[in-house]
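Laboratory data are not the source of any read-out in this text; all were calculated from the coordinates shown. Remember, predicted model here, so these are calculated numbers, not experimental data. Every residue, glycine among them, receives a Cβ derived from its backbone with ideal geometry; neighbour counts consider all protein chains shown.
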Amino acid sequence: MARRLFILDTIRTVFKKYGFQPLETPAMENLSTLTGKYGEEGDQLLFRILNSGDFLKETDPAVLTEKNSKKAAAQISEKGLRYDLTVPFARYVVMNQHELAMPFRRYQIQPVWRADRPQKGRYREFYQCDADVVGTDSLLCEAEIILMIKEVFEGLGLSDYQIKINHRDVLTGLAEMAGAQGKEGAFFVALDKLDKIGEEKVKEELATKGISGAGTDRVFDLLRSNATDLQTLKSLFTGAGQKGLSDLDQVFTLSGNIPQVQFDLSLARGLSYYTGCIFEVKVPSSGIGSVCGGGRYDNLTQAFGAKEKLSGVGISFGIDRIYDVLDILNLFRPDQERGTRILLCHFDEATRSHAFRLAVQLRTSGIATEVFPDVVKIKKELEYANKKSIPFAAIIGEEEMKTETITLKDLTSGQQEKVSLQDLIKKLNG
């Protein structure tokens with residue numbers, strides 16, 4: 001937990017530096033809020049919650065005998081656990097849009113749930129750290145997201161990371177090239193699996209959706225070429241594709257052309273609500289999938305009744321995967337797990353009372369301090385300190401009380417010395 005808090009505090013500090021305000025939303029949302037926002041595969045991963053009471057009482061018996069799970073689920077479940085933090089945020093914005101200063105910048109750090117098969121890097125419950133700006137379509141926001149990612153990973157001590165970026169309009173250009181007009185959603189979902197299942201399997205999936213032929217072959221030839229030069233690609237696209245490449249060009253320039261930022265023509269991100277730039281961050285040496293992702297969404301708030309378009313863009317850090325990455329790469333430092341700095345040990349009730357008074361002064365000086373609560377042998381008190389990896393122990397007996405000194409024992413080196421309270425405070429705060 002100490003390691004997790006280090007990650008959370010690092011991210012929260014960056015969010016606050018960029019002017020984002022904290023927000024929390026309920027764990028449960030109406031299924032009408034959640035469904036239809038993540039694509040067909042996302043909807044299948046929603047955790048549904050049974051209605052309270054006798055949930056079968058109002059259910060149509062014909063639905064149960066029909067053995068149609070979708071119809072039955074709709075009658076016995078009206079709520080679900082949130083799948084991400086973006087959709088609940090959009091719902092909140094629409095409900096409160098007349099009271100919020102626009103553009104509205106918020107950060108949110110809460111758990112989300114997905115009915116997935118647990119495995120390395122995939123969890124049923126995990127924390128997300130989101131930062132979103134809604135109410136502006138300025139590309140400055142995309143540039144700020146890149147800069148925030150850079151600051152977060154620097155704060156975590158990670159240098160080997162890649163910020164992959166693409167644009168949904170560029171993907172629309174690819175879909176047009178593949179002859180997938182009207183089937184863009186299926187094209188994006190299949191393309192998003194390229195890293196996981198490979199080119200042939202993606203082609204097979206596209207074929208089942210009626211997307212195949214010379215156009216598809218041309219798309220994969222282009223993807224295999226690792227084309228990253230935006231100017232060259234502009235000659236291959238028209239319409240939406242040109243707009244996407246122009247936006248990306250501006251984002252690269254505004255963010256200062258950071259070396260870790262890489263244009264990835266195949267990056268699709270499966271969530272169906274993205275409409276502009278999309279981001280994904282990976283740490284190649286870790287063997288873990290993406291640890292951060294996000295993008296721009298122009299139409300999400302309209303799904304909740306917003307009368308005008310409230311364009312938004314956001315990023316989400318996956319705490320659990322970041323933890324795994326830091327653990328695999330041995331990047332956690334001992335000071336990030338620092339708890340109690342010193343244990344005050346004693347011999348009897350009188351020295352325990354004196355130790356308690358000293359503890360008050362140490363804590364006032366910002367030093368995490370414990371007093372062993374029971375009167376036991378010193379050996380047992382020191383064993384306790386060692387088990388908790390407390391670096392220092394103060395031994396307080398009658399002589400220490402009389403001379404107003406403290407016998408300080410360094411539990412790492414075994415060295416022992418007599419010090420005054422003020423010297424002890426300087427040493428532990430040094």
With +1 on each Lys and Arg Cβ and -1 on each Asp and Glu Cβ, and nothing else charged, work out how big the dipole of the range 89-225 is about its Cα centre, in Debye to the nearest 20.
-> 520 debye
Surrounding net charge for Asp9, when Lys and Arg each add one and Asp and Glu each subtract one, Cβ distance under 12 Å = +4
When a footprinting reagent is the concern and you count Cβ atoms within 10 Å, what order do Glu125, Glu142, Glu349 take, fewest first?
-> Glu349, Glu125, Glu142
Proxy reagent accessibility, fewest Cβ within 10 Å first, across Ser286, Ser413 | Ser413, Ser286
If you rank Ile378, Ile149 by fewest surrounding Cβ atoms within 10 Å, what's the result?
-> Ile378, Ile149
Please tell me which of these pairs span more than 27 angstrom C-alpha to C-alpha: Lys120/Lys388; Lys70/Lys203; Lys16/Lys282; Lys183/Lys243?
-> Lys120/Lys388; Lys70/Lys203
The size of the Cβ-based charge dipole (Lys, Arg +1; Asp, Glu -1) of the chain about the Cα centre, to the nearest 20 debye, is 440 debye
Reciprocal mean inverse distance between Cα atoms of the chain - Kirkwood radius, Å | 25.4 Å
Neighbour net charge for Glu184 - beta-carbon separation under 13 angstrom, K R +1, D E -1 = 0
Overall Cα dimensions of the range 246-319 - principal axes, largest extent first, Å | 45, 28, 22
Helix-only [θ]222 nm of the chain, DSSP H runs n ≥ 4, -39500 (n - 2.57) each, per residue, nearest 500 = -12500 deg cm²/dmol
Taking one equal scatterer on every alpha-carbon of the range 339-429, how large is log10 of I(q)/I(0) by Debye at q = 0.13, 0.15, 0.16, 0.22 1/Å?
-> -0.35, -0.47, -0.54, -1.11
Unit charges on C-beta of K, R, D, E only; dipole of the range 339-429, Debye = 300 debye
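Please compute the net charge surrounding Gly294, taking Lys and Arg as +1 and Asp and Glu as -1 over other residues with Cβ under 9 Å from its Cβ.
Around Gly294, the charge tally is -1.
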Protection proxy ranking, peptides 30-37, 89-96, average beta carbon neighbours within 10 Å, highest first | 89-96, 30-37
